[in-house]
Amino acid sequence: MKFSGQTIFDNTPVEITLTNDRVQSISEVTSVDSNAWIAPALVDIQVNGFAGFDLNVATVTAADVCAMVYALWRVGTGFLCPTVVTASFESICNFLRAVVQACETDPMVAHAVLGIHLEGPYISTEDGPRGAHPLEHVKDPDWDEFQRWQDIAEGMIRIVTLAPEKEGAIPFIEKLVKNSIIVALGHTDASVEDIRAAVSAGAKLSTHLGNGAHAVIRRHPNYIWEQLAADELFASLIVDGHHLPPAVVKSMVRAKTLDRCILISDATALADMPPGEYQFAGQPVELTSDRCVRLAGTEYLAGSAIELARGIENSVRFAGITLKEAISLATLQPARLLGVAEDINSIDENSQPNLILFEWNDATCEIDLITTILAGQVVYQRD
């Protein structure tokens, strides 16, 4: 079997030959008949669940993790950081064990999981900044506790989202950075001084900037402006049409520049599910017909119900950037943050390529996925 298309970043026409669902060759050709594009497999550094598989329940298993990863391949997300939110010590332990066991039992899942994202419990107790995280489990940073989690995770925790105003947060950040863990600021009510201290200590990322925030805040200064202006910080953005209005997306992308923006889904188990009432992190939430997830009876958002490819489409619509630029925010930039760009973004047979082949409708700004290939193997193919 053969596929052909143009590579997204340099417009090179190539032909991919498959044998038994494995890449045998990738060769440049003079032209292609199809309107397909070839891009690196998408990288999502914040995934709480997908297609009914919830990573943030006490009963999560390795099989659940594997099934969720397989489901993400069907929408072009080849790599991810499974994300655990604020919960009891035991529940977080169970999540970590499930991810480790999934990677031990399935080499392709191990290939896809780039690390674990610990989002909380060291976050703000304030309504709004806390988001959907359960108040009873929010706490101050505890290095001994974190080390116990990292031991259970066998060193797989790669990103920690925390609030820098918490007691002991700055020395905690310094220890994380010393141990090569990416520190993200999020779910925070931090002062300007807190954010500057965190950046000086080595923080590198703002988690879903503009969200996990009060509904009404001081005009300026405030914790959104300060993070937006910090050149040392990448900013992850949920571009689902609910978390950030189009004008805010456009402004943030322009302020941060393409080199410092990362698209995330922040997907929950409700992504790819029908509208209705559900549970997330032990709390009642509702999924509306327009794919908005809110804590039941409130205005507070509780994760998203989209896949990363939809964020790419919306970024083209909202920010006025090109498809190539939007794809970079979901591939090159998260890979740069994690230090794995050379490992996963090459498109040639010698590197056992990780790529997606898709068609792009310029009129509607929609991606139609054809194939996902990881480590040179087809893991999804459209009928």
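Under a cut-off of 15 Å between alpha-carbon atoms, report the aspartates and glutamates in cross-link reach of Lys250, not counting same-chain residues fewer than 8 places apart.
Hits, sequence-local ones excluded: Asp240, Asp259, Glu313, Glu325.
Rounded to the nearest 10 degrees, what's the angle between the helix 89-105 long axis and the longest principal axis of the chain, both from Cα atoms, 0 to 90?
20 degrees
Compute the helix-to-body angle for 62-73: its Cα long axis versus the longest principal axis of the chain, expressed 0 to 90° and rounded to tens.
Tilt of helix 62-73: around 50 degrees.
Hey, could you pull the Cα Rg and Dmax for the stretch 33-94, both in Å?
That works out to 14.4, 55 Å for Rg and Dmax.
Could you calculate, for the stretch 182-328, the ratio of the Cα radius of gyration to the Kirkwood radius, expressed as Rg to Rh? Can you show the working numbers first?
Working: Rg = 15.4 Å, Rh = 15.9 Å.
Reported Rg/Rh (Cα atoms, Kirkwood Rh): 0.97.
Cα to Cα, under 13 Å, and not fewer than 8 places away if on the same chain: which aspartates and glutamates meet these conditions relative to Lys256?
Partners found: Glu226, Asp231, Glu232.
Accessible area per residue for the stretch 108-223 in Å², computed with a 1.4 Å probe and the full protein assembly in place, what is it?
Values: 4660 Å² over 116 residues.
So the stretch 108-223 comes to 40 Å² accessible per residue, rounded to a whole number.
Which translational diffusion coefficient, to the nearest whole µm²/s, is obtained for the stretch 202-287 from the Stokes-Einstein equation, given a Kirkwood hydrodynamic radius over C-alpha pairs, 10 °C and 1.306 mPa s? Show your work: numbers first, answer last.
Values: Rh = 14.4 Å.
Diffusion coefficient, whole number: 110 µm²/s.
Using only the alpha carbons of the stretch 264-383, determine the length spanned along each of the three principal axes and report them from longest to shortest in whole angstroms.
52, 34, 33
Could you give me D for the chain, from Stokes-Einstein at 10 °C and 1.306 mPa s, where the hydrodynamic radius is the Kirkwood radius over C-alpha pairs? Units µm² s⁻¹, please.
On the way: Rh = 20.8 Å.
Approximately 76 µm²/s, per Stokes-Einstein.
Relative to the longest principal axis of the chain, what angle (0 to 90°, nearest 10) does the C-alpha long axis of helix 308-319 take?
On a 0 to 90 degree scale, this one is about 80.
Run through every distinct alpha carbon pair of the stretch 1-58 and return the Kirkwood hydrodynamic radius in angstroms, one decimal place. Please list the in-between numbers first.
On the way: mean 1/r = 0.0718 Å⁻¹.
When all Cα pairs of the stretch 1-58 are included, the Kirkwood radius is 13.9 Å.
Which whole-number percent is the relative contact order of the chain (Cα, under 8 Å, 6+ apart)?
Working: 878 pairs, mean separation 72.4, N = 383.
After rounding, I find 19 percent.
Rounded to a whole number, what is D in µm²/s for the stretch 38-193 from Stokes-Einstein with the Kirkwood radius over alpha-carbon pairs (37 °C, 0.692 mPa s)?
On the way: Rh = 15.8 Å.
This corresponds to a translational diffusion coefficient of 207 µm²/s.
Using a simple spin-label model with points 7 Å from Cα along the Cα→Cβ vector, what separation in nm is obtained for Asn11 and Trp143?
In this crude label model, Asn11 to Trp143 measures out at 5.3 nm.
Gap in Å between the Cα centre of the stretch 8-29 and the Cα centre of the stretch 127-142?
The stretch 127-142 and the stretch 8-29 have Cα centres spaced 47 Å from each other.
Ignoring ligands, DNA and RNA, what percent of the accessible area of the chain is carbon or sulfur (1.4 Å)?
On the way: 7140 of 15220 Å².
In the chain, the share of accessible area belonging to carbon and sulfur is 47 percent.
Once the convex hull of the alpha carbons of the stretch 114-243 is built, what does its volume come to per residue, in cubic angstrom? Write out the running numbers ahead of the final one.
Details: hull volume 14.5 nm³, N = 130.
Residue-normalised Cα hull volume stands at 112 Å³.
The values are calculated or read from the model by the stated rules, or taken from the named source; none is laboratory data. Predicted, not measured: the structure shown is a model, and the values here were computed from it. Because the Cβ atoms are built from the backbone with ideal geometry, glycine has one as well, and the counts that use them run over all protein chains shown. Please note that ligands, DNA and RNA were not included when accessible areas were found on the heavy atoms of the full protein model with its side chains. Shrake-Rupley method; radii C 1.70, N 1.55, O 1.52, S 1.80 Å.
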